[in-house]
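Let me begin by presenting the structure, written as C-alpha cells, before commenting on it.
Any read-out appearing in this document is the output of simple, stated calculations on the displayed coordinates, not a laboratory observation. Note that the structure is predicted; figures quoted are calculated from it, not measured. Counting neighbours? That spans all protein chains shown, and the Cβs are built from the backbone with ideal geometry, glycine included.
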Amino acid sequence: MRSVLIAGSAVAVLVAAGAITYAVAGEDNDGGGAVPSADSADAGFARDMAVHHQQAVEMSYIVRDRTKDTDVRRLAYDIAQTQANQRGMLLGWLDLWGLPKVSADPPMTWMGMGDMASGKDGALMPGMATNTELKKLGTLNGKQAEIFYLQLMTDHHKGGIHMAEGCVAKCAVTVEKNLAQGMVDAQQSELTTMAQMLKERGAEPRA
C-alpha cells in the first residue's frame, strides 16, 4: 500500500531527527539554559508521553504476531520503532535534567487535565487502551486483529496528538516542542492511513 510506504518514510526521517534532538535537549530551551522543574510542562509531557508511547509499542508487537498482513505489520513496525525511539529520548531528557521519571500527581496535571482519565482498567490517559482491550487484542487473529488494532491505535493517536499539542503550547524546551510538533504531524498522517486501512477491511474508527 503506497500510503503505508509513505508513512514509513516519514517515520524514518522523524527517527533520524530524533537523534539530534536528544543530543541537544539538555542545553536548548527558551529559559536561557535553565533546567525545567519537576512540575513543568516539559517534565510532565516527557513522563506522560513515555507511558503513552510504551502502550503503543506493546499493541504494535501484539498485532505483529496476530496477522500476516504485510501492510498492517509494516505500519505496526513503524509505530513501534518510532515510539520506542521517542520514548528513549523523553526518558533520556529527564535523566539529563536530573528529574524523576514518575510523579505523585495524576497524569496530564501539567495540562491542567489531571482529572481527565480515571486510570480504570489501566487506561491512565485519554486514548489509552484498557487492560481488557489489550488482552482481547491478544486473542484475535487475522482480519479481526487488524481491525481492532487499527481502532485502538486510532484512539491512541488521537489522545497522543492532544497531549503533543499541549506540549507545543506549554513546553519551554525548544527541541522538545519541535519533537512534539513532529509527533502531531506524523500521527495525523498515520490517522489518515489507518482510516483508509479500516475502510478496506469494511470497518471504521470507533465513535
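Using the Cβ-Cβ distance between K68 and L124 with R0 set to 25 Å, the FRET efficiency works out to roughly 0.20. Computed from backbone phi with θ = phi - 60° and the Karplus coefficients 6.51, -1.76 and 1.60, the 3J(HN,Hα) list for the range 190-207 is 5, 4, 5, 4, 5, 4, 5, 5, 5, 4, 5, 9, x, 9, 8, x, 5, 5 Hz; x is used for glycine and proline. Scaled against 2.2 N^0.38 Å for its residue count N, the alpha carbon radius of gyration of the range 100-140 is 1.37.
The mean sequence distance of close C-alpha pairs (under 8 Å, at least 6 residues apart), as a share of the length of the range 119-207, puts its relative contact order at 28 percent.
Once the C-beta distance of S189 and A38 is scaled by a Förster radius of 41 Å, the resulting FRET efficiency is 0.80 to the nearest 0.05. Computed from backbone phi with θ = phi - 60° and the Karplus coefficients 6.51, -1.76 and 1.60, the 3J(HN,Hα) list for the range 81-92 is 5, 5, 6, 5, 5, 5, 4, x, 5, 4, 5, x Hz; x is used for glycine and proline.
The packing ranking of peptides 189-202, 47-60, highest mean first, is 47-60, 189-202, where packing means the average number of other beta carbon atoms within 10 angstrom of each residue. FRET efficiency for the pair M116 and Q181, taken as 1/(1 + (r/R0)^6) with r the Cβ-Cβ distance and R0 = 22 Å, rounds to 0.50. Cross-link partners for K177 among the lysines, with Cα-Cα distance under 23 Å and sequence neighbours closer than 8 places in the same chain left out: K101, K158.
For the pair K158 and Q54, label points projected 7 Å from Cα toward Cβ lie 2.5 nm apart. Once a ≥ b ≥ c are taken as the square roots of the eigenvalues of the Cα gyration tensor of the range 81-127, is the result rounded (a/c under 1.5), prolate (a/b larger than b/c) or oblate (a/b not larger than b/c)? In terms of gyration-tensor shape, oblate. Under 19 Å of direct C-alpha separation, and excluding same-chain neighbours fewer than eight residues apart, K170 reaches these aspartates and glutamates: E27, D28, D30, D39, D42, D48, D105, D115, D185.
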